[in-house]
Amino acid sequence: MTAIAPRFGPQLIRLLLVTAVLTVGLLGALAGTASAHAALTGSDPKDGAVVDVAPREVTLTFSEQIAMGDDSIRVLDPSSKRVDVAKMRDLSQGGTVRYAVGLKPGLPDGTYTVAWQAVSADSHPVSGAFTFSVGAPSATTATVPDQEAGGGLVGTLYDTVRYISYAGFILLVGGAAFILACWQRGASVRPLQRLVVGGWVTLTAATLVLLLLRTPYTGSGKLGDMFDLGGLSDVLDTKTGAALVSRLLLLGAAALFIAVLFGAYAKRVTEAEAEVEAEAERDGEGNAEAGKAKADLAFGLSLGGTVVAAGIAGTWALSEHASTGIQTGLAMPLDVLHLLAVAAWLGGLVSLLVALYRVPDLERAAVRRFSRIAFTSVVVLAVTGVYQSWRQVGSWDAWTGTSYGQLLLVKIGLIAVLLGAAWFSRRWTGLLGEDAKTAKTAEAGAEADAEAGVEAGVKVGVKAGVDVAEETAEEGVAEAGTAADPERAAQLARQRTALATARKKRDRDADTERSGLRRSVLIEACVALVVLAVTTALTGTEPGRTQEKEVSRTGTEAAAPAPARPVNLTEPFDTGGTKGKGTLRLTIDPARPGTNLMHVWIDSPDGKPMDVPEVKVAYTLKSQQIGPLPVVPERLAAGHWSAGNVQIPMPGDWHLQVTVRTSDIDQTTIEKNVKIG
C-alpha cells in the first residue's frame with residue numbers, strides 16, 4: 001500500500017480497526033440464548049383456579065425474554081371492568097422471566113379474566129387469556145381486548161417499514177459490491193452513486209422509524225405513542241432496541257466508506273485509467289504503480305465494507321428467527337451469510353439493471369463478472385436456505401399445516417421463477433461474450449483485406465458526407481425559421497430533440513443482445529421485489545416448528561394461526577303446544593374470543609318466519625367452569641332476533657343453550673356444543 005499510504009493508508013486502516021471492534025463489540029453484547037418462541041408457562045393464580053381469598057397481584061411466567069408495556073396485562077372482573085392497578089413489575093431473576101400486576105383490594109367473589117399481550121425475543125407478537133375465580137365461578141361478560149400486540153395500523157406500518165429496511169440494505173450492500181467486484185469505473189457513474197446513497201438513506205430512515213414504532217408495536221398499539229420518550233427508553237433496554245441502535249452506529253461507519261468509495265476511490269480509478277492511456281500512447285506500457293494504488297484502495301474498501309455489511313446483517317440475525325430455537329450458535333452466522341448473499345445477488349441485479357438502462361458504455365466484462373458472483377450467491381443461498389428451512393419448519397406436515405411452511409413454499413416457487421429468468425440472463429451474457437469475439441475476428445479480417453478496407457472507408461466517407469449535408473440543411477432551415485418566426489424556431493427545436501431521442505433509442509435497440517439482457521434482468525428485478533415481500537412476511541410469522549410445539553403443549557389447535565370461522569347451527573324443535581314445531585337457525589360471527597354478532601331465526605314448518613314470544617341464549621365453558629353467560633337477543637322482525645355485543649372471554653368448546661317459548665307455558669331448550677376460536 002505504499003502508493004496510497006501518504007494520503008489514505010493510515011486513515012483507512014484505523015477506520016477498518018474501529019469498525020471491526022465496533023461490530024464485534026456491539027453484536028457480541030446482543031448475543032443471548034433463547035430456547036424457543038415465547039409462551040406462557042405458568043401463572044399465579046393458575047388458569048381455571050378457584051381461590052378462597054382475592055390475590056393481591058397476578059403473576060405470569062414466560063419461556064423466554066419478552067417485551068411488554070405497562071398496559072400489556074389486563075385483569076377484568078365479571079362485568080368487564082379493569083381491576084388491575086399501578087405499573088406492571090418485572091420480577092425476572094436468572095433464567096426465569098416473570099411479570100406481575102397488582103389488583104385492587106377487596107375484590108368480590110366471581111370469575112376474573114386475565115388478558116396479556118407481548119412481543120417475544122424474535123420480535124413476534126404473542127398474546128393470550130385465562131380465567132381464575134374468587135370464592136366460586138360465576139357468569140362473566142368480560143371482553144378480551146381484540147387489539148393484539150403488533151396488530152392494527154401500527155403492525156401494518158411496522159411490517160411495511162421492515163420491508164423498506166430490507167430493500168435499503170440490499171441496495172446499499174449489493175450496489176457497493178457491484179462497483180468494487182464487477183465494474184470499478186461505476187464509482188464515478190452518477191446513477192450508481194445515487195442508487196447506493198439512496199440505499200443508505202432508506203435503511204437509515206427505516207431503522208429510525210422502526211426504533212420509534214417499537215413502543216406502540218409492543219404496547220398500546222397507538223401510533224401517537226411512538227414519540228413517548230419513556231417508552232423509547234424502555235425499548236433501548238430490549239434486545240431488539242439494542243440491535244436497531246447498533247445498526248444506526250454501523251450505518252455511520254458505512255457512510256464513511258461510501259464517502260471514500262465515491263470520493264478518493266472514484267478519483268483514483270479515473271486517474272489510473274488516464275495514466276494507463278497516456279503511458280500506452282507513449283511506449284505501449286501502462287503505469288503499474290497507479291494500478292497498484294487503485295488495487296490497494298479497492299482491497300481496503302472491500303475488506304472494510306464486508307465487515308460493516310456483516311455487522312448490519314448481524315443486527316437482523318441477532319434479533320429475529322435465527323436468535324431463537326435450536327442451534328442458534330450455527331444459525332446466526334449462516335443467517336448473516338444468507339443476507340449477504342441476497343444483497344450481493346439482488347442488489348447487484350438492480351445495479352446491473354440501472355447500468356444497462358442509464359449507462360451506454362457498460363463493459364461486457366462487468367456483466368460476466370456479475371454473472372459469476374450471482375451464481376456463487378445462489379449456491380450460498382441454497383445451502384443456508386436448506387438449513388434454515390429444516391430448522392424453522394421442523395416436520396413435513398408443517399410445510400402445509402402451518403402458515404410459515406405455506407409462505408416458505410411460495411418463496412421457493414418464486415425463487416424457481418427467479419432462477420429461470422436468471423438462466424435467460426446468463427444466455428444473453430454469453431451472447432455478449434460471443435459478440436465481442438466476433439468483433440475482434442471481423443477487425444482482424446478487415447486489417448488483412450486492404451482493398452475491402454478501402455471500399456469500406458469510401459462508403460463510410462460517403463455516408464458521413466450525406467449525414468453532414470443533412471445536418472447542415474437542417475441547421476440552415478432552423479436558422480431561417482428562427483429569424484422568420486420564433487414559434488417556428490421552438491417547433492424545430494422540439495423536432496430536433498425528438499429526432500435525437502429517436503436516434504438514441506434506435507442505436508440502443510439495434511444491440512439485440514444488450515436489449516435481451518435488459519428485458520431478462522428487468523423480469524428478475526420484478527420477481528425479486530415479490531420475493532423480498534414474502535421474505536419480510538416470513539420474518540414476522542411464527543416458525544412451523546414453534547407452532548407445532550405450542551399445539552402439542554396446549555393440547556389444542558387454538559394456538560394455530562388458522563382464522564376463526566362463523567358458527568352456523570340449524571336444529572328442529574317442538575315445544576309440545578299448539579304451533580310449537582319449527583326450525584331454529586343461529587349464527588355466531590366471527591366465533592372467536594371477544595365481541596361477536598349473533599343472529600337467531602325461527603321458521604315454521606312451511607319455511608315462513610315464525611314469531612314467538614321469547615328467545616333466550618346462554619353459553620357455558622364447562623372445562624373452565626365459566627358460565628352460563630346469558631344473552632338476551634333483541635327482536636328485529638317476525639321470526640328474527642339479534643344480539644350485537646356477545647362477549648366470549650376465551651376459546652374452547654362452549655356449550656350453547658337456546659330456549660324457545662311459543663306460549664305462556666310451552667317452551668323447549670336446544671343444547672349444542674360449538675367451537676369458539
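The values are calculated or read from the model by the stated rules, or taken from the named source; none is laboratory data. Everything quoted here is computed from the prediction, not taken from an experiment. Counting neighbours? That spans all protein chains shown, and the Cβs are built from the backbone with ideal geometry, glycine included. These area figures cover heavy atoms from the full protein model, side chains too; ligands, DNA and RNA do not enter into them. Shrake-Rupley method; radii C 1.70, N 1.55, O 1.52, S 1.80 Å.
Converting phi to 3J(HN,Hα) with the Karplus coefficients 6.51, -1.76 and 1.60 and the offset θ = phi - 60°, the stretch 404-419 yields 5, x, 5, 5, 5, 5, 4, 5, 4, x, 5, 5, 4, 5, 5, 5 Hz in sequence order, with x at every glycine or proline. Of the accessible area of the stretch 182-232, computed with a 1.4 Å probe over protein heavy atoms only, carbon and sulfur atoms account for 67 percent. Once the 1.4 Å probe is applied to the protein heavy atoms, the stretch 50-91 comes out at 52 Å² accessible per residue.
How big is the dipole moment of the stretch 623-677 about its Cα centre under a simple scheme where the beta carbon of each Lys and Arg is +1, that of each Asp and Glu is -1, and everything else is neutral? Debye, nearest 20, please. Before the final figure, lay out each step's value.
Details: 4 positive and 5 negative charges, 29 e Å.
Computed about the Cα centre, the dipole is about 140 debye.
Separation of the alpha carbons by more than 26 angstrom is noted, of 46/616; 81/622; 46/81, for 46/616.
So what's Rg/Rh here for the stretch 151-214, counting alpha carbon atoms and using the Kirkwood radius for Rh? Intermediate results must be reported in sequence, preceding the final value.
Working: Rg = 14.3 Å, Rh = 12.5 Å.
With Rh from the inverse mean 1/r over Cα pairs, Rg/Rh is 1.14.
Solvent-free Debye calculation, one equal scatterer per alpha-carbon of the stretch 203-248: log10 I(q)/I(0) at 0.15, 0.20, 0.21, 0.27 Å⁻¹ equals -0.31, -0.55, -0.60, -0.96.
Mean sequence separation of contacting Cα pairs (under 8 Å, at least six apart), scaled by the length of the stretch 567-665, corresponds to a relative contact order of 29 percent.
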